[in-house]
Structures are given as C-alpha cells and as structure tokens.
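Have a look at the structure below, then the notes.
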Amino acid sequence: MYTSGTTAKPKGILHTTGGYLTQCAWTHHAVFDLKPDKDIYWCTADIGWVTGHSYIVYGPLANAATQVMYEGTPDTPHRGRFWEIVQKYKVTILYTAPTAIRTFAKWGDDIPAKFDLSSLRIIGSVGEPINPEAWMWYREHIGGGRCPVVDTWWQTETGAIMISPLPGVTHAKPGSAMQPLPGIVADVVDDTGNPVPKGGGGFLVVREPWPSMLRTVWGDDQRYIDTYWSRFPGLYFPGDGAKRDEDGDLWLLGRVDDVMLVSGHNISTTEVESALVAHPKVAEAAVVGATDPTTTQAIVAFVILRADAVPNTQEEGDALARELRDHVARTLGPIAKPRQILLVPELPKTRSGKIMRRLLRDVAENRALGDVTTLQDSSVMDLIAANLRANPTRED
C-alpha cells in the first residue's frame, strides 16, 4: 500500500495478510462498538487509500458489517449530500476526516440541521489531528451532542487503529486521541529516547510489536530501517510529535517535519492552526515555517474563512489578517505570531484529505512547486500563488 507521498517519494508499505486482517477486524469491532445485526456503518474515505482498505474493505467485511459505500464528493449535487445519505440509509456509525469536518463547519450549521441525523450513535475522525473546535462542532451539529467521538490515530504503516477512545469506556477530551488500544504499547519520548513526564511533549513511539505492523518498504529494506527504526533504536518512530497531558492522555501534534523553529522556540504547526480555527471567523487553517534571516523560520498561515466572514474589500481583508495575527499572539504568546496570514479560498489536499504543507512551503518561499500529482485539485495552487503575489509579506 503506497503512502500518498506528501513528504517525499512514495513508500510501498508491505503488510501481511493474517496480522493485518486480525487488527483491522478487532479494531473495527472495538473502536466503533459494532453491532453487525443492527448497525449501518459508513466510512467516507477513498477506497484506494489505507483508510478505505482497512475500514471499508477488510475490517467491515470480516465483521459482516452492513455498510454504505460512496464514491463522490461531499458537495455534489449539493452541500448536504453526506447528511442526505445518513438520513436516507439511517447510518448509525460515521467515520470521516477532520478536513471534511472543518469544511462542513465552513459551509454553515444550517446545512446538517435540515436533515434527520438521529440514527447516528458513534462518530469517528481519522487522517490528521482534529482540533478541539472541529471536534466540538462535529459532536454538536452531527452527533447531536450525544454521540461519542472516536478520534483515531494510525497510519498506512501501522495498518489499523493504534490510539483511540473506546465508546462507552473512555471519558473523551476534545482533540485528544486519549490512550493506546489494548495490546498497543505507545509512549512519548524526548530527543534521547527517554519517556517524557506528564505535561511534557516529544516524539511518539511504539515500544512493542503489533499484529498489523509494516514488514518493510517494498523493494527497499534499508529505507524501512532508516525511516522507522534508526531514530530511536528498538522503538518504532512514526514521524509524529505528541504530548502527554497531566492525566497521561495523548495529544497528537502532527508530523515532526511540521514543527517550526522560531527564534529558538519549537512551535507546532498544529498548535498555531488550532489557535486560528478557534477564531469565530476561521473555518480552516494550514501553517508552515518559511525560511527567515532573522528568526530562522517565520510562521506563514493560509486561512479559509467561514462563508459569512469573507471580506468585501482589500482593506477589510488586511484588517482581518491583522486581527488573526493578534489573536494567535494572545492565545499562544508573541513568539507564535504569524509573520504573514493569507486568506485563501481552498487548501491543497490529497484525495484522502491531507493538507500538503510541502507545497505551501514551496509557495511561501517562492520556490518552484514540487510534484502535485496526488492533489485532488491542482489548480488550487495557482490560486494561492496568485494571492501571495497580491499580498506581499508584512512585518508589522
């Protein structure tokens, strides 16, 4: 199964049949509290990506699930398409991506309100860390304030879910993946591989084998060793940062490649993005670190506004950008204040819903764009580049 190549040359992840099927089947049953004789299950992922393989094909079929399969976009023929499907087929379990959730929030609360979503009993999130604001919107407007939200962490490489709340068992926290599933031994370590204390942040690792673990990178055993096993000998390193809160629960911070070094301070793109999305006018944000001669890296933010907050003039847009920069500074501290905020109509995403920050870094640093073949809509980058040219960097 090839990864999407959001960071480098795609890697062919090799899985084995027995271990992969075992963990897909068990996690699909446990994380979604599946009742095969009663539930109507719907995973909205593209079937060609690992989420589609694990949680549309192998897990659900092994568990005799009744499921909805949908090939299409959430806004065709209208923006209520997903909720129309939930209503029509009385979907009880919904599994989708934070990117989709933030898009739905951007479109407005009134759209899902038109449909009967009372059949839903479990709602899940997958693909990247979900910010607390999106989590709360999802629970309130889709889950009716009553459905457990299972915020799942896993990868193409792990084959199946590794960290997640369990509905009816875990007292969930908005934005936290909570605890490793039974049998999974995950930890957060510092630069030297030692566990961080409660309240500390560092690198996510897995300490012991698991059934659906990757066996190698197809045709390149050395890349397998170098990528996943060399950073912390004896530990699997997925490339993600995480923090452990005072209760010992895990919060995923995204790829460590997305941690910015600003004037000697490590700042996670996820933290800045979450601060931006907490502003009532912001629907979605992507943050990158751009090379800066003064601060090593400077924070550049690409922001999609809610439909009712789009400015009518350039002056209004400039004022809103300043307001958002000040909002981040108040929320996270002056060191996290973005150098530049660009208001954009859309963000570059793969078909699996991941934001391709690599391309945004290319734009922010005025480099030629890298490979855009995995983008859902490559014309998005032309719009962003044009916007950047029209809005030169401000240092105020």
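Side notes on the structure shown:
- Put in order of Cβ neighbour count within 10 Å, fewest first, the listed residues VAL68, VAL50 become VAL68, VAL50.
- Charged side chains reduced to their Cβ positions (Lys and Arg at +1, Asp and Glu at -1) give the stretch 66-134 a dipole of some 160 debye around its Cα centre.
- Euclidean distance between Cα centres, the stretch 21-97 to the stretch 282-312, Å: 33 Å
- Here the gap between GLU246 and ALA113, fully extended at 0.36 nm per residue and compared with their Cα-Cα distance, gives a gain of 44.2 nm.
- Rounded Å value of the spacing that divides the Cα centres of the stretch 168-231 and the stretch 329-349: 29 Å
- GluC sites (Glu not before Pro) within the stretch 207-301: DSSP coil, no more than 14 neighbouring Cβ in 10 Å: GLU246
- Cα gyration tensor, the stretch 5-99 - rounded (a/c under 1.5), prolate or oblate: oblate
- Relative contact order, percent, the chain [alpha-carbon distance under 8 Å, six or more residues apart]: 13 percent
- Environment charge at LYS90 (Cβ cut-off 15 Å; Lys +1, Arg +1, Asp -1, Glu -1): 0
- Helix-only CD estimate at 222 nm, as mean residue ellipticity for the chain, using -39500 (n - 2.57) per DSSP H run (n ≥ 4): -7500 deg cm²/dmol
- Cα gyration tensor shape of the chain, rounded if a/c is under 1.5, else prolate or oblate by comparing a/b with b/c: oblate
- Theoretical FRET efficiency, 1/(1+(r/R0)^6), r = Cβ-Cβ of HIS171 and ASP46, R0 30 Å, to 0.05: 0.40
- Neighbourhood net charge (13 Å Cβ-Cβ; Lys/Arg +1, Asp/Glu -1) for SER176: -2
- Site pair ASP191 and LYS9 shows an inter-label distance of 3.0 nm when each label is modelled 7 Å from Cα along Cα→Cβ.
- Potential lengthening between THR73 and ASN366 on full extension [0.36 nm per residue; Cα-Cα distance subtracted]: 102.3 nm
The numbers here are math on the coordinates, done by the rules we state, and not lab data. Nothing here was measured: the structure is a model prediction, and the numbers come from that model. Cβ sites come from the backbone with ideal geometry, for glycine too, and all protein chains shown count toward neighbours.
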